Every structure is written in structure tokens, then in C-alpha cells.
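The values are calculated or read from the model by the stated rules, or taken from the named source; none is laboratory data. If you're wondering where the values come from, they're calculated on a predicted model, not measured in any experiment. Every residue, glycine among them, receives a Cβ derived from its backbone with ideal geometry; neighbour counts consider all protein chains shown.
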Amino acid sequence: MTPEGERALDRWCRFMGYGNPRATLWIVGIEEGGAHREGRFLELLTNDYRPIPGTDDLTFEPLLRRDVRERSAVWTFAQELMGRVFHAPDPKAVEMFSETSPIFLSNAYPLAKPNTKGAWPYRRYLSKIEYEQYVSRCRPEHFKKLRPLHTIVVGHGKGAWLLHRLAFRTGDETAKVLWNGELEIYQQSRLILAPFFWNRSMSRERIGEIATVVKKLMTTG
């Protein structure tokens, strides 16, 4: 890993997401959507996001990137979930992204990654193994530091479940398992682990089931 690559990766690991970090509900996916661009990796060396109040070194952005809002299928499912949780007939009517919104959107891994068949786009600065090891070591600690006590977390994408558990599970709590192993509920930890939202196993019915679990957790204090 080059010194420039380490500086950029450190800043990306401290960029926590979009919306309101103090929100009631966090939705945490696998990785950022969009193109796997080298320039995107270096962006934080010249473009700062906002500091999160009450922290010394973590950042966020209230507004979701426009290209994600307009093209992301995952975001469509997130809107559906938010509409059901907050009883909005039109999910788009819920103010999703502001410093006072009821949700926060984040990812286990802070940068887009290509699939295993694609070339690693950031190889000039670090290897894929270095990236994954660094994120697995630092990212859960940043989440623990930032997460408000009563926040409910919906982690989606089985490829990131291990990191989700490291970041959000309380102790060695055992999950209630549903959907033949496709859904895990940790009531004490206020954590729900679901398949990737843009997945053939997901449906509006299943999004509705997740929303029901979220609302039940909201009533438990």
C-alpha cells in the first residue's frame, strides 16, 4: 500500500454515509454503488465531506449522490422500506436525506468494488487484500463509535454479514433465523441482517416483513 493510498483509504473508512447519523434507522449495505474509478478513490484527498458533530474524525454527507438516487435499484427498495416503516403512502414523501431525516444510509465497505472477474481498479495504490483487511479492522470500530444507543440497523447483503455482525452485534447474541437462513434478527442488538436488497429472493412482501420487525424494535425502547 502506498502512502497516498493509505491516506485516501483512511479517509474513506472515516466517511460514514448519507443522511442523518443520529437517525432512528440505519440501512447499511455492502459497498458504495457506481463505477469503480481510480479518481473516485482519490477524491477525499481533495474534497472533504462534513464532519459529524460530536466526533473528531468521522464525516458524512446529508444528501445522497444524485447518480445513486436516480439509478440505484437498491435505493428503490430502501425507499419502499422507509415508506412502510414511517407510514408514508408515497415512500418518496418521506424526507430521506437531510441532517434531521429519520434514516442514515451507509455501507460496510466504503468504495465500489468490481466482481472477482474484473481488474482491481485501485491497484496503483493498494491491493484488494490490503483494502479488505484494512476495512475489516477499522470500519467496525468507527460504526461502534458513531452508532446512537437505540438506533436500529438493517444490514443487507450476505457478503457483508460478517462485518455487520462485528460492527453492530452486542456480545455473542444468537440470532432468530427466518427465511431458511436468509434473515437474521438480533433483538438485543437491534440488528436485522437481510439479503442484498437487489436480489431475486427479495420482494415487496419481504420488505414489508422487515418493516414490521423494525417497527416492533422501535416499540421496545
Selection from region 165-195 of residues among the aromatic types (F, W, Y), within 17 Å of the chain's Cα centre (by Cα) and farther than 22 Å from H142 by Cβ yields none
Picked from region 33-62 (must be modelled with pLDDT under 80 and under 17 Å from the mean Cα position of the chain (by Cα)), the residue surrounded by the most Cβ atoms within 10 Å (Cβ to Cβ) is G33
Checked region 163-173 for anything farther than 20 Å from F15 by Cα and either in contact with a strand residue (DSSP E or B) (Cβ under 8 Å, 6 or more places away or on another chain) or of a type in the set (A, V, I, L, M, F, W, C) (or both); matches are R169, T170, E173
(message) When you scan region 180-200, do you find a residue that is over 23 Å from F15 (Cβ atoms), exposed (fewer than 13 other Cβ atoms within 10 Å of the Cβ) and either small (G, A, S) or in contact with a Gly (Cβ under 6 Å, 6 or more places away or on another chain) (or both), even just one?
(response) yes
